[in-house]
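Chemist: Before I ask anything, here is the structure I am working with.
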Amino acid sequence: MGFAFDEKGLAGVKVPVQLWAGAEDRNVPETPNIDPVRHGLPAAPELHRVDGAGHFAFRPPCDPRLEAAEPKIWAMVCVDAPGFDRAAFHRSFNAAVVAFFRRTLGGR
């Protein structure tokens, strides 16, 4: 929803910001959603583009029981691009987010 922000609205942001974008996100593409925030912030944010990641790749891996219970939801939310390992991504994603908070919050 980055298109809802502009420089004036972001001018008061004084904290470090980390942004994540899925290179294959067709629901919330980077240009209209992340770019306005990235360019509108007074200080450059830490930006991560994740190759192969679609919109739902940022959700944790799905419980396999969902496939049998709700196949349409499974197909929409749980199936990633070939070669994208959601579990492996989440291990590195989670570690990067925690490291960002530790670095920017003074190791708390």
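Chemist: Any idea which of G40, G106 is over 19 Å from the mean Cα position of the chain (by Cα) and small (G, A, S)? First the steps, then the outcome.
Modeler: Numbers: G40 fails: over 19 Å from the mean Cα position of the chain (by Cα).
Answer to the selection: G106.
Chemist: Filter the range 63-81 for residues that are exposed (fewer than 14 other Cβ atoms within 10 Å of the Cβ) and in a helix (DSSP H, G or I) and give the result.
Modeler: If the condition is that a residue be exposed (fewer than 14 other Cβ atoms within 10 Å of the Cβ) and in a helix (DSSP H, G or I), then R65, L66, A68, A69, P71, K72, I73, A75, M76 are the ones that fit.
Chemist: Quick check: is even one residue across the range 82-101 exposed (fewer than 15 other Cβ atoms within 10 Å of the Cβ) and within 15 Å of G2 (Cβ to Cβ)? Before you say what the answer is, go through the steps one by one.
Modeler: Step one: of the range 82-101, the residues exposed (fewer than 15 other Cβ atoms within 10 Å of the Cβ) are 82-83, 85, 87-88, 91-92, 94-99, 101.
With within 15 Å of G2 (Cβ to Cβ) added as a condition, the list becomes none.
The answer is no, given that none of the residues of the range 82-101 is exposed (fewer than 15 other Cβ atoms within 10 Å of the Cβ) and within 15 Å of G2 (Cβ to Cβ).
Chemist: Right, another one. Inspect the range 48-62 for any residue being without any contact (Cβ under 8 Å) to a residue 12 or more places away in the chain, surrounded by 11 or more Cβ atoms within 10 Å (Cβ to Cβ) and over 17 Å from R26 (Cβ atoms) and give the result as yes or no.
Modeler: Our first condition is that a residue be without any contact (Cβ under 8 Å) to a residue 12 or more places away in the chain; within the range 48-62, this holds for none.
The answer is no; no qualifying residue exists.
Chemist: State whether the residues of the range 77-96 include one that is in contact with a Cys (Cβ under 8 Å, 6 or more places away or on another chain) and not β-branched (V, I, T). Give the steps one after another, and end with the answer.
Modeler: From the range 77-96, those in contact with a Cys (Cβ under 8 Å, 6 or more places away or on another chain) are 77-78; that's our starting set.
If we keep only those that are not β-branched (V, I, T) as well, we get 78.
Checking the range 77-96: at least one residue is in contact with a Cys (Cβ under 8 Å, 6 or more places away or on another chain) and not β-branched (V, I, T).
Chemist: Hey, another quick one. Only residues that are over 26 Å from V79 (Cβ atoms), among the acidic types (D, E) and either in contact (Cβ under 8 Å) with a residue 40 or more places away in the chain or in a loop (DSSP other than H, G, I, E, B) (or both): list them for the range 1-47, please.
Modeler: D6, E46
A short reminder: the numbers here are calculations on the coordinates, not readings from a lab. This one's a predicted model, so the numbers in the text were calculated from it and none came from an experiment. With ideal geometry, Cβ positions are generated from the backbone for all residues, glycine too; neighbour counts draw on all protein chains shown.
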